[in-house]
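Chemist: Structure provided below as structure tokens; questions to follow.
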Amino acid sequence: MRHGLKIVRLVLALVGVGTMAIVFLPGAAQASKATTYYVSVGDSYSVGYQPGLGATSGYTGYVAKKTHLTLANFGCGGATTTSVIDTVGCPDNLPHTAGAVLYPKTTQAAAAEAFITAHHGHIGLITVSIGGNDVTSCAAEPNPTSCVGTAVTGIKENVATLASGLRAAAGPKVPIIGLTYPDVILGEYVYPSLPATAARISLAQLSVVAFKSLINPALTTAYAPSGGVLVDVTAATGGYTPLTSTTQLIPYGTIPVAVAKVCTLTWFCKQGNIHATTKGYTLIGKLVTARYALLRLK
């Protein structure tokens, strides 16, 4: 009788392996049926990348701790709205990513959807950080605004597809929260040197238009049909503050408030790196947990 029971268990285990991504979560095999997961999808922001440190707890670690949810992080450094849907595996897996899930034989979107389906009824939250890498190269183009405008078409279509798949897997009640990004290009005011050139200041000014009028509205539109909401990280990190409003920040002197916030919350002003500092990721985490709390009240 015991031998037969072992065979049944083996068959069930093999069936499960054939339908799910490979999950590396502490104690996952012994996880209680009551475990509720927080699924993170996206790019290097979703795994908390920082220069010189690699993956950190980032905002996802903060959110998981505050919501008491178990993190399952599918994030991949360098991901775009196209690669998250079409690229098999993650070419830039970051070691030590909290709650990391590997998916060497499928795409990030498919792996996340399979995980959500397999844990139906036990998914508490889904967040998505994607779209930034779709427009990063536009900063070097002769007409950055036109470049962003072209990229936004693909962002809107791909994110709508991604959100639709996540919603179908999760069901109607699971909160899906999309995120925007700090407007790091504002850091062009001070990086790589002072005083800033007219060209760098112009690029920083154009970036405000790109986020406020193109990128973030497109993301809002893309998530809406699937009942997803957007947390405007750009606004929360001062991206829309008039550039005529100034403050003092060592070692830069008098600079726009919006630039000072980018310098504090990201690595751009010091290193030209687009990623958030620990303070920046913590702020993003607070924004997500606050929105999550509101969504749970509905």
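Chemist: Under 8 Å between Cβ atoms, which residue pairs at least 6 apart in sequence (or on different chains) link something in segment 192-220 that is free of Cβ contacts under 8 Å to residues at least 12 places away in the same chain with a partner that is assigned to a helix (DSSP H, G or I)?
Modeler: Ala196/Glu188; Ala196/Tyr189; Ala196/Ala204
Chemist: Right, here's the next one. Which condition does Ser129 not pass, out of (1) open to solvent by 40 Å² or more (accessible area, probe 1.4 Å); (2) closer than 16 Å to Gly78 by Cβ, if it passes all the others?
Modeler: The number of the failed condition is (1).
Chemist: Looking only at segment 141-159, decide whether some residue is open to solvent by 50 Å² or more (accessible area, probe 1.4 Å) and aliphatic (A, V, I, L, M).
Modeler: Scanning segment 141-159 turns up no residue that is open to solvent by 50 Å² or more (accessible area, probe 1.4 Å) and aliphatic (A, V, I, L, M).
The values are calculated or read from the model by the stated rules, or taken from the named source; none is laboratory data. This one's a predicted model, so the numbers in the text were calculated from it and none came from an experiment. Counting neighbours? That spans all protein chains shown, and the Cβs are built from the backbone with ideal geometry, glycine included. Note: accessible area is taken over every heavy atom of the protein model, side chains too, but ligands, DNA and RNA are not part of it. Shrake-Rupley method; radii C 1.70, N 1.55, O 1.52, S 1.80 Å.
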